[in-house]
Amino acid sequence: MRVIASTDEARRFSDEARRAGKIVGFVPTMGFLHEGHLSLVRASRRECGTTIVSIFVNPAQFAPDEDFDDYPRNFERDAKLLEAEGVDAIFAPKREEFYAEGFQTYVTVEDITRPLEGASRPTHFRGVTTVVAMLFNATRPDRAYFGGKDAQQAATISRMAADLKTGVDIVVMPIVRESDGLAMSSRNTYLSPEERNDALAISRALREAKAEIEAGERDAGNILARMRETIERSERANVDYVAAVERETFESVDTFRAGGRYYLLVACRVGKTRLIDNEPISIPG
Ligand code: AMP
């Protein structure tokens, strides 16, 4: 497994693989890897002849009052995990190269990024789309793998990849959860045992909502009110938003319609930790 720090070298590595007839798969991460990340790596390994994983804690997607400095990092452990998965290269760019002096170019996706995460974290998506565009330019993948856990991010990247004619196929994989339902996240390490227990209300609320919809409830307002109630019964959980949106556009919906495809989404602070989760919903046509 190669460890690559420079953009030029990443480009050479990818170009060589393609010249050898291989499909290049790419998995962008901020490291501190868990089974959620590894599910993306495994999908790429199944479908592509070469897999590149990036590890870069991207300063541009953190607001000044967020956890950039505290974000968990463990490169040695991540490298061992990726080597064991048979990854071909890690791309770990240097901050100084990616955001070189004089940097002033940003990629912005407009409508999808306005609500929800975009409203709570106004500079977040512009940081994400910009770094993903840079990572695509460095690793020149045929396919890139993203987690459904960050559903609005995945929809935003899909839009960007299509709009900017990147030629990169965006693959979105399902959320990987702990056995008790908590969506895996590098930020779960911030939770105390009591907070972790309270955080289970998030996935419970989503599961119950999905079951209610399957049983015939079609009013999004009723569903969201019950989700909020379920989560806020936990002492340490404070809801940032609960929402029901159209799957592709992220426009909010009042009624679930036959044949519709939606997301139920939650963002919630548990103690000081901000967690997000969601459940895709498909109504039979
Ligand atoms: P991050 O390192 O948090 O930036 O995440 C890197 C990629 O892993 C993103 O595409 C995330 O959506 C994905 N990811 C994170 N957690 C999970 C999870 N629990 N299940 C599936 N994918 C995930």
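The values are calculated or read from the model by the stated rules, or taken from the named source; none is laboratory data. None of these values were measured; they are calculated from a predicted model. Reconstructed Cβ throughout: ideal geometry from the backbone, glycine too, with neighbour counts over all protein chains shown.
Has segment 166-187 got any residue that is assigned by TED's automatic domain parsing to the domain that holds residue 140, within 17 Å of the chain's Cα centre (by Cα) and either more than 23 Å from residue 155 (Cα to Cα) or of a type in the set (Asp, Glu) (or both)?
Checked segment 166-187: at least one residue is assigned by TED's automatic domain parsing to the domain that holds residue 140, within 17 Å of the chain's Cα centre (by Cα) and either more than 23 Å from residue 155 (Cα to Cα) or of a type in the set (Asp, Glu) (or both).
Consider segment 91-111. How many of its residues are of a type in the set (A, V, I, L, M) and part of a strand (DSSP E or B)? Before you say what the answer is, go through the steps one by one.
As a first pass, look at segment 91-111 and keep what is of a type in the set (A, V, I, L, M): 92, 100, 107, 109.
The next check asks that each one be part of a strand (DSSP E or B); those that pass are none.
Residues that pass the stated criteria total 0.
Just to be sure, is residue 159 part of a helix (DSSP H, G or I), among the basic types (Lys, Arg) and assigned by TED's automatic domain parsing to the domain that holds residue 106? Lay out the reasoning, then the answer.
Working: part of a helix (DSSP H, G or I): yes; among the basic types (Lys, Arg): yes; assigned by TED's automatic domain parsing to the domain that holds residue 106: yes.
Against the criterion (part of a helix (DSSP H, G or I), among the basic types (Lys, Arg) and assigned by TED's automatic domain parsing to the domain that holds residue 106), residue 159 qualifies.
Which is assigned by TED's automatic domain parsing to the domain that holds residue 160, assigned to a loop (DSSP other than H, G, I, E, B), under 17 Å from the mean Cα position of the chain (by Cα) and not β-branched (Val, Ile, Thr), of 122, 141? Explain how you work it out, then say what you get.
Numbers: 141 fails: under 17 Å from the mean Cα position of the chain (by Cα).
Testing whether each residue is assigned by TED's automatic domain parsing to the domain that holds residue 160, assigned to a loop (DSSP other than H, G, I, E, B), under 17 Å from the mean Cα position of the chain (by Cα) and not β-branched (Val, Ile, Thr) leaves just 122.
Consider residue 26 carefully, then state whether it is in contact with a Ser or Thr (Cβ under 6 Å, 6 or more places away or on another chain) and over 26 Å from residue 169 (Cβ atoms). Let's see the steps before the verdict.
Numbers: in contact with a Ser or Thr (Cβ under 6 Å, 6 or more places away or on another chain): yes; over 26 Å from residue 169 (Cβ atoms): no.
Taking the combined requirement at face value, the residue does not satisfy it.
Given the structure, is residue 45 modelled with pLDDT of 95 or more, within 26 Å of residue 273 (Cα to Cα) and assigned by TED's automatic domain parsing to the domain that holds residue 136?
Working: modelled with pLDDT of 95 or more: yes; within 26 Å of residue 273 (Cα to Cα): no; assigned by TED's automatic domain parsing to the domain that holds residue 136: yes.
No; evaluated as a whole, the condition is false for this residue.
State yes or no: is residue 109 away from the ligand (no atom under 13 Å from the Cβ) and closer than 30 Å to residue 251 by Cα? Steps first, please.
Numbers: away from the ligand (no atom under 13 Å from the Cβ): yes; closer than 30 Å to residue 251 by Cα: yes.
Yes; evaluated as a whole, the condition is true for this residue.
Of all residues in segment 186-231, how many are away from the ligand (no atom under 16 Å from the Cβ) and among the polar types (S, T, N, Q)? Quick ask: steps written out before the conclusion?
Here is the first cut: in segment 186-231, the residues away from the ligand (no atom under 16 Å from the Cβ) are 192-195, 197-198, 201, 204-205, 208-231.
Retained after the next criterion (residues that are among the polar types (S, T, N, Q)): 192, 197, 222, 230.
Qualifying residue count, segment 186-231: 4.
Can residue 234 be described as crowded, with 20+ Cβ neighbours inside 10 Å and in a helix (DSSP H, G or I)?
Numbers: crowded, with 20+ Cβ neighbours inside 10 Å: yes; in a helix (DSSP H, G or I): no.
Taking the combined requirement at face value, the residue does not satisfy it.
Could you check segment 237-256 and list, in sequence order, the residues that are part of a loop (DSSP other than H, G, I, E, B), of a type outside the set (Asp, Glu) and touching a residue at least 40 places away in the same chain (Cβ under 8 Å)?
Correct list: 247, 249, 250, 256.
Identify all residues within segment 23-51 that are in a loop (DSSP other than H, G, I, E, B) and either farther than 17 Å from residue 136 by Cα or in contact with a helix residue (DSSP H, G or I) (Cβ under 6 Å, 6 or more places away or on another chain) (or both); write none if there are none.
To start, the set of residues in segment 23-51 that are in a loop (DSSP other than H, G, I, E, B) comprises 23, 30-34, 48-49.
Hits for segment 23-51 are 31, 32, 33, 34, 49.
Would you check if there is a residue in segment 232-251 being at pLDDT below 95, away from the ligand (no atom under 16 Å from the Cβ) and β-branched (Val, Ile, Thr)?
yes
Okay, residues lined up against (1) touching a residue at least 24 places away in the same chain (Cβ under 8 Å); (2) closer than 18 Å to residue 241 by Cβ:
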| residue | (1), (2) |
| --- | --- |
| 169 | yes, no |
| 173 | yes, no |
| 182 | no, no |
| 185 | yes, yes |
| 209 | yes, yes |
| 225 | no, yes |
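Condition first: over 19 Å from residue 117 (Cβ atoms), away from the ligand (no atom under 12 Å from the Cβ) and in contact (Cβ under 8 Å) with a residue 24 or more places away in the chain. Now tell me which residues in segment 24-69 satisfy that.
Matches in segment 24-69: 24, 25, 45, 47, 48, 49, 50, 51, 52.
If we scan segment 147-167, do we find a residue that is within 18 Å of residue 25 (Cβ to Cβ), modelled with pLDDT of 95 or more and charged (D, E, K, R)?
Of all residues in segment 147-167, those within 18 Å of residue 25 (Cβ to Cβ) come to 147-148, 154, 157-158, 161, 166-167.
After this cut, where a residue has to be modelled with pLDDT of 95 or more as well, the list is 147-148, 154, 157-158, 161, 166-167.
Within this subset, residues satisfying the condition of being charged (D, E, K, R) are none.
No, segment 147-167 has no match at all.
Could you check, for segment 166-174, whether at least one of its residues is within 13 Å of the ligand (Cβ to nearest atom) and within 18 Å of residue 275 (Cβ to Cβ)? Break it down into steps so the answer makes sense when it comes.
We begin by selecting, within segment 166-174, every residue within 13 Å of the ligand (Cβ to nearest atom); these are 170-174.
Remaining after also requiring within 18 Å of residue 275 (Cβ to Cβ): 174.
There is at least one residue in segment 166-174 that is within 13 Å of the ligand (Cβ to nearest atom) and within 18 Å of residue 275 (Cβ to Cβ).
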